[in-house]
Amino acid sequence: MINQSTAPYGASLLRVSLGVLFLAHVALKIFVFTIPGFVAYFATLGLPAIAAYGVIALELIGGLALVLGIYATWVAVPLALEMLATIVMVHGHNGWLFTNAGGGWEYPAFWAISLVALSLLGDGAFALLPARR
(Lines give C-alpha, C1' and ligand atoms only; values in the text may rest on other atoms or scores of the structure.)
Protein backbone atom coordinates (compact mmCIF):
# COMPACT_ATOMS: atom_id res chain seq x y z
CA MET A 1 0.00 0.00 0.00
CA ILE A 2 1.30 3.45 -0.89
CA ASN A 3 1.27 6.07 1.85
CA GLN A 4 -0.52 8.91 0.07
CA SER A 5 0.62 11.54 2.59
CA THR A 6 4.36 10.84 2.32
CA ALA A 7 4.70 9.48 -1.24
CA PRO A 8 5.10 12.94 -2.83
CA TYR A 9 8.05 13.63 -0.52
CA GLY A 10 9.62 10.27 -1.35
CA ALA A 11 9.28 11.02 -5.05
CA SER A 12 10.87 14.44 -4.48
CA LEU A 13 13.78 12.90 -2.61
CA LEU A 14 14.30 10.45 -5.46
CA ARG A 15 14.00 13.21 -8.09
CA VAL A 16 16.41 15.62 -6.41
CA SER A 17 18.99 12.97 -5.54
CA LEU A 18 18.98 11.64 -9.12
CA GLY A 19 19.39 15.19 -10.40
CA VAL A 20 22.33 15.89 -8.10
CA LEU A 21 23.96 12.64 -9.20
CA PHE A 22 23.62 13.63 -12.86
CA LEU A 23 25.09 17.05 -12.16
CA ALA A 24 28.04 15.41 -10.40
CA HIS A 25 28.37 12.94 -13.28
CA VAL A 26 28.48 15.67 -15.92
CA ALA A 27 30.89 17.73 -13.79
CA LEU A 28 33.23 14.73 -13.85
CA LYS A 29 33.04 14.69 -17.65
CA ILE A 30 33.66 18.43 -17.95
CA PHE A 31 36.25 19.11 -15.25
CA VAL A 32 38.10 15.80 -14.81
CA PHE A 33 37.96 14.03 -18.17
CA THR A 34 37.54 17.41 -19.94
CA ILE A 35 35.17 17.90 -22.84
CA PRO A 36 37.81 17.15 -25.51
CA GLY A 37 38.82 14.03 -23.57
CA PHE A 38 35.22 12.83 -23.31
CA VAL A 39 34.61 13.51 -27.01
CA ALA A 40 37.74 11.51 -27.90
CA TYR A 41 36.58 8.67 -25.62
CA PHE A 42 33.24 8.59 -27.40
CA ALA A 43 35.06 8.14 -30.70
CA THR A 44 36.99 5.16 -29.27
CA LEU A 45 33.62 3.48 -28.62
CA GLY A 46 32.84 3.66 -32.31
CA LEU A 47 30.23 6.36 -31.73
CA PRO A 48 30.07 9.69 -33.52
CA ALA A 49 32.28 11.98 -31.47
CA ILE A 50 29.76 14.81 -31.79
CA ALA A 51 27.21 12.72 -29.86
CA ALA A 52 29.33 13.25 -26.74
CA TYR A 53 28.13 16.86 -26.69
CA GLY A 54 24.54 15.60 -26.67
CA VAL A 55 25.28 13.38 -23.67
CA ILE A 56 26.85 16.30 -21.82
CA ALA A 57 23.84 18.51 -22.61
CA LEU A 58 21.36 15.79 -21.63
CA GLU A 59 23.05 15.20 -18.28
CA LEU A 60 23.44 18.91 -17.52
CA ILE A 61 19.95 20.00 -18.56
CA GLY A 62 18.37 16.78 -17.31
CA GLY A 63 20.10 17.03 -13.93
CA LEU A 64 18.94 20.63 -13.48
CA ALA A 65 15.40 19.72 -14.56
CA LEU A 66 15.29 16.88 -12.03
CA VAL A 67 16.59 19.01 -9.17
CA LEU A 68 14.16 21.82 -9.93
CA GLY A 69 11.25 19.58 -10.83
CA ILE A 70 10.79 20.83 -14.38
CA TYR A 71 8.94 18.12 -16.35
CA ALA A 72 10.96 15.63 -14.34
CA THR A 73 8.93 12.55 -15.21
CA TRP A 74 9.46 13.23 -18.90
CA VAL A 75 13.14 14.09 -18.47
CA ALA A 76 13.70 10.83 -16.59
CA VAL A 77 12.92 8.76 -19.70
CA PRO A 78 15.78 9.92 -21.99
CA LEU A 79 18.14 9.80 -19.00
CA ALA A 80 17.10 6.18 -18.34
CA LEU A 81 17.68 5.38 -22.01
CA GLU A 82 21.13 6.95 -21.76
CA MET A 83 21.93 4.70 -18.81
CA LEU A 84 20.75 1.64 -20.73
CA ALA A 85 22.92 2.67 -23.68
CA THR A 86 25.83 3.08 -21.26
CA ILE A 87 25.34 -0.51 -20.17
CA VAL A 88 25.32 -1.74 -23.77
CA MET A 89 28.15 0.43 -25.10
CA VAL A 90 30.48 0.82 -22.12
CA HIS A 91 29.92 -1.19 -18.94
CA GLY A 92 28.10 -4.35 -20.00
CA HIS A 93 31.21 -6.26 -21.03
CA ASN A 94 32.93 -5.44 -17.72
CA GLY A 95 30.71 -7.72 -15.67
CA TRP A 96 28.15 -6.96 -12.98
CA LEU A 97 30.15 -5.24 -10.21
CA PHE A 98 30.88 -1.57 -10.67
CA THR A 99 34.18 -2.13 -8.83
CA ASN A 100 35.39 -4.33 -11.72
CA ALA A 101 38.02 -2.90 -14.04
CA GLY A 102 36.30 -0.35 -16.27
CA GLY A 103 33.20 -0.41 -14.05
CA GLY A 104 30.51 -3.06 -14.32
CA TRP A 105 26.87 -2.46 -15.11
CA GLU A 106 25.26 -2.64 -11.65
CA TYR A 107 25.30 1.13 -11.00
CA PRO A 108 23.99 2.23 -14.42
CA ALA A 109 21.27 -0.45 -14.15
CA PHE A 110 20.20 0.79 -10.73
CA TRP A 111 20.24 4.35 -12.05
CA ALA A 112 18.06 3.40 -15.05
CA ILE A 113 15.58 1.57 -12.82
CA SER A 114 15.42 4.52 -10.42
CA LEU A 115 14.71 6.88 -13.33
CA VAL A 116 11.92 4.63 -14.62
CA ALA A 117 10.48 4.47 -11.09
CA LEU A 118 10.51 8.28 -10.91
CA SER A 119 8.79 8.51 -14.26
CA LEU A 120 6.05 6.20 -12.98
CA LEU A 121 5.74 7.87 -9.56
CA GLY A 122 5.44 11.46 -10.69
CA ASP A 123 7.31 14.66 -9.97
CA GLY A 124 6.67 14.68 -6.24
CA ALA A 125 6.34 17.66 -3.96
CA PHE A 126 8.03 21.01 -4.60
CA ALA A 127 8.31 20.58 -8.40
CA LEU A 128 8.45 23.91 -10.23
CA LEU A 129 6.81 22.65 -13.44
CA PRO A 130 5.29 19.24 -12.86
CA ALA A 131 4.49 17.17 -15.92
CA ARG A 132 0.73 16.87 -16.25
CA ARG A 133 -0.47 13.49 -17.40
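The values are calculated or read from the model by the stated rules, or taken from the named source; none is laboratory data. Keep in mind it's a predicted model, so treat the numbers as computed, not measured. All Cβ positions, glycine included, derive from the backbone under ideal geometry; neighbour counts span all protein chains shown.
Worth pointing out:
Residues are listed down the side, and each one gets a yes or a no for (1) under 19 Å from I113 (Cα atoms); (2) exposed (fewer than 15 other Cβ atoms within 10 Å of the Cβ); (3) within 11 Å of the chain's Cα centre (by Cα); (4) of a type outside the set (S, T, Y):
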| position | (1), (2), (3), (4) |
| --- | --- |
| A7 | yes, yes, no, yes |
| L14 | yes, no, no, yes |
| L18 | yes, no, yes, yes |
| L28 | no, yes, no, yes |
| F31 | no, yes, no, yes |
| L79 | yes, no, yes, yes |
| V90 | yes, no, no, yes |
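- Count of region 19-55 residues which are over 30 Å from A127 (Cα atoms) and among the aliphatic types (A, V, I, L, M): 9
- Which numbered condition S119 misses (of (1) polar (S, T, N, Q); (2) at pLDDT 95 or above; (3) in contact with a Gly (Cβ under 8 Å, 6 or more places away or on another chain)): (3)
- Scanning region 97-115 for residues that are over 21 Å from G63 (Cα atoms) and modelled with pLDDT of 90 or more yields a total of 0.
- Residue match in region 33-47 (condition: surrounded by fewer than 14 Cβ atoms within 10 Å (Cβ to Cβ), farther than 17 Å from L118 by Cα, under 11 Å from the mean Cα position of the chain (by Cα) and not β-branched (V, I, T)): no
- Selection of first residues in region 90-101 that are aliphatic (A, V, I, L, M) and of second residues that are in a loop (DSSP other than H, G, I, E, B) and at pLDDT 90 or above, restricted to Cβ pairs under 8 Å at least 6 apart or on distinct chains, gives the following pairs, ordered by first then second residue: V90/L45.
- In the set W74, W105, only one residue is in contact (Cβ under 8 Å) with a residue 12 or more places away in the chain, of a type in the set (A, V, I, L, M, F, W, C) and in contact with a His (Cβ under 6 Å, 6 or more places away or on another chain); that residue is W105.
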